[in-house]
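Structure, as structure tokens:
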Amino acid sequence: MSRQLLPLSLSRRHLLLGAVAAGVALAMPAYAQEAREVEHALGKAIITKKPTRVLVLSDFTDLEYVLALGVTPVGYGFTGSWGRGGLPWQSAAADVPQLPLVDTVASPEVVAGFEPDLIIGMKTYIERVQSQLEGIAPVIALDWSTPWRNGLRLVASALFEDERVEAAIAETEALMADTARSLDGLGGKKIMVGSMYGETLYVIGAGPMATQFAELGLTFVPAPNASDSGLAEYSMENVDILQQADILMSFTNDAEGTERLETFAPFQRLPAVAGNAYIPLGTLTGTAFADNFSPLSAKWVLPRLAALLTDAAAGKAAR
């Protein structure tokens with residue numbers, strides 16, 4: 001859904017395709033301002049008081065969750081992933097200074113210059129410099145595959161925003177419920193997601209994205225025999241694995257790979273493709289529903305996604 005300007009690792013691709021869920025544990029204090037220990041993707045952090053200078057290391061869900069909780073960071077890492085530019089639902093960060101990144105890593109010296117009292121980032125932006133960052137301020141690392149409620153509550157615990165997080169979750173759940181009512185199950189049509197990256201066809205299995213489809217009242221068919229990552233990997237010649245889809249979605253960030261897939265005769269014969277029920281998701285839509293899903297992106301993407309699904313269910317998907 002989003003392509004970084006720097007080469008992707010396979011683990012990054014797993015995120016972009018909606019990897020398997022991972023839980024987080026929060027040590028919640030008895031009182032709102034009491035010091036707390038927060039368990040995150042790379043360990044534990046002790047936070048003694050409500051942070052006032054929060055630094056965010058990328059513009060994925062680390063930034064999404066901070067903004068959704070009404071906190072303006074002192075800086076954030078602009079990744080330029082997939083050439084998507086600024087994300088419209090992140091407008092609250094428009095005037096926030098950008099943290100320069102080198103090979104997806106922030107320099108600890110530059111980080112220290114922001115004088116943060118809390119550092120939040122996706123774990124792949126932290127791992128190589130974790131010890132140096134922890135020498136500056138408490139660090140909270142987010143896993144790419146953590147479901148949005150868990151990730152939001154994790155960040156809220158670190159920010160001492162325990163009440164605001166539940167309001168944000170309730171508002172998003174209400175929006176998802178409204179969207180589900182408008183879709184009315186799309187007549188029970190089966191949805192699958194398969195995307196071409198390089199030479200590999202990735203088909204989404206169980207995981208956060210499958211859960212989001214279920215919350216929208218839709219019938220999502222996970223990839224059979226998916227790995228622990230929540231993905232199944234195939235060669236393009238195995239595209240018939242998508243035969244059972246009535247509606248087929250694809251993330252199109254690898255333009256060359258997508259073109260090879262779309263011009264492959266067996267792909268064109270798939271029922272969803274032949275029936276004008278194939279949805280090639282644009283970068284922003286894919287980003288919002290998958291790797292950046294949050295209370296902020298939900299408001300932007302759900303009406304758009306609902307329109308795309310409704311057209312596809314009627315055999316009127318635009319190509």
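Per-structure values
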quantity	calculated
Axial C-alpha extent at least 20 Å, average Kyte-Doolittle at least -0.5 - helices from the chain (DSSP)	162-183, 295-313
Area of Asp184 that stays accessible when all protein chains are in place (1.4 Å probe, Å², to 10)	120
For the chain, size of Cβ-based charge dipole, Lys and Arg +1, Asp and Glu -1, in debye	440
Rounded accessible area of Arg53 (nearest 10 Å², 1.4 Å probe)	90
Interchain or long-range residues, amide H under 5 Å from Leu231's placed H	Gly205
Sequence-distant residues sharing a close amide H with Thr79 (under 5 Å, placed H)	Asp59
Shape parameters for the stretch 77-128, alpha-carbon atoms, Rg then Dmax in Å	11.8, 31
Matching label, mean projected area of the Cα convex hull in nm² computed from the structure shown, candidates (1) 15.0; (2) 17.0; (3) 16.2	(1)
Electrostatic dipole magnitude of the stretch 66-181 [Cβ: Lys, Arg +1; Asp, Glu -1; Cα centre; debye, to 20]	360
Whole-Å distance, taken between Cα centres, linking the stretch 214-246 and the stretch 116-159	31
Cα-based reach from Lys44 at 28 Å (exclusive), listing lysines while leaving out same-chain residues under 8 positions away	Lys123
Within the chain, longest stretch clear of exposed GluC sites (Glu not before Pro) (DSSP loop, no more than 15 other Cβ within 10 Å)	35-198
Contact order normalised by residue count of the chain, Cα under 8 Å, 6+ apart, percent	21
Loop chymotrypsin sites (Phe, Trp or Tyr not before Pro), the stretch 30-90, which have at most 16 other Cβ atoms in a 10 Å radius of their Cβ (DSSP)	Tyr31
Cα lying deepest toward the dipole's positive end in the chain, options Thr285, Ala68, Val155, charges on Cβ	Thr285
Rounded to 5, the percent of DSSP beta bridges in the stretch 55-204 classed as antiparallel	40
Global geometry of the stretch 115-272, whether rounded, prolate or oblate, following the gyration tensor of its Cα atoms and the 1.5 cut on a/c	oblate
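The values are calculated or read from the model by the stated rules, or taken from the named source; none is laboratory data. Nothing here was measured: the structure is a model prediction, and the numbers come from that model. Quick reminder, even Gly has a Cβ in these numbers, built from the backbone with ideal geometry, and neighbours come from all protein chains shown. All accessible areas refer to the heavy atoms of the entire protein, side chains included, with ligands and DNA or RNA removed. Shrake-Rupley method; radii C 1.70, N 1.55, O 1.52, S 1.80 Å.
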